[in-house]
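Participant: Before I ask anything, let me first share the structure, which is written out below as structure tokens.
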Amino acid sequence: VVQHRLPPDEGALLGVQSERGGDAETFTRAFLKSSTSREKGEKAEAMLEHKAVVLHFTRERKTRRTRTKAKGLNAKERRALGVFQLKPEHQKYDLFLPLHDLWKQYITELCNGLRPESNVQVMQQKLLKADFHGAILTVVRSKCPSYVGSTGILVQELKHVFKIITQENRLK
């Protein structure tokens, strides 16, 4: 805010009249008193003695809402909902053949086409970390003798259990 008087020749050139110092101060105080609350008016008057006052409209800042993240289900809730259970109408070998085709593409890319010049130890590490969902597996050894010799596509892998679907559409 500029509070200097305009020289009369510049005021005439611009078409502006310079007010007396007392009139401008009286107007400013009256304007602040009418446009602000009583408490703010007293603060504004105190500010007038030391600083310039900006008279444009200021918006209140909106408070941002903190979004709560959606919590996932815990293990007990997942078991209760049957998330890990395969429905009987989905226990068909033919439904998992496309998964097997995807797995073949994945393992081919992972092993770089099984080149003979590949390092055996590196290949073993890759196979240990590979995902076997969709692979055709044959059970060689099991505590339950009825599972030995079963062949099928790996559908689900749990901590100590592989669930495979056989060609007879049986989940083992």
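Any read-out appearing in this document is the output of simple, stated calculations on the displayed coordinates, not a laboratory observation. Source: prediction; values computed, not measured. All Cβ positions, glycine included, derive from the backbone under ideal geometry; neighbour counts span all protein chains shown.
Participant: Using +1 at the C-beta of Lys and Arg and -1 at the C-beta of Asp and Glu, which of Ile107, Gln124, Tyr93 has the Cα lying farthest in the positive direction of the dipole of region 87-166?
Facilitator: Farthest along the dipole direction, towards plus: Gln124.
Participant: Here's something else I'd like to know. Going by how many other Cβ atoms sit within 10 Å of their own, how do Leu158, Leu171 line up, fewest first?
Facilitator: Leu158, Leu171
Participant: May I pose another question? Sort region 65-130 into rounded, prolate or oblate with this rule: let a ≥ b ≥ c be the square roots of the eigenvalues of the Cα gyration tensor; rounded if a/c is under 1.5, and if a/c is not under 1.5, prolate when a/b is larger than b/c, oblate otherwise.
Facilitator: It comes out oblate by the Cα gyration axes.
Participant: Would you work out the charge dipole size for region 87-166 about its Cα centre, treating the Cβ of every Lys and Arg as +1 and the Cβ of every Asp and Glu as -1, and quote it to the nearest 20 debye?
Facilitator: Here the size comes out at about 340 debye.
Participant: How much space per residue, in cubic angstrom, does the convex hull of the C-alpha atoms of region 81-172 take up?
Facilitator: Here the figure is 129 Å³ per residue.
Participant: Taking H as built 1.01 Å from N, whose amide H comes closer than 5 Å to the amide H of Gln156, not counting residues under 5 places away?
Facilitator: Lys163
Participant: Also, quick follow-up: Beyond 23 Å between alpha-carbons counts as too far, so tell me which of Lys71/Lys163; Lys92/Lys172; Lys76/Lys159; Lys92/Lys163 fall in that bin.
Facilitator: Lys71/Lys163
Participant: Tell me the net charge near Asn169. Cut-off is 14 Å between Cβ atoms, Asn169 excluded, with +1 for each Lys or Arg and -1 for each Asp or Glu.
Facilitator: After counting each charged neighbour, the total is +2.
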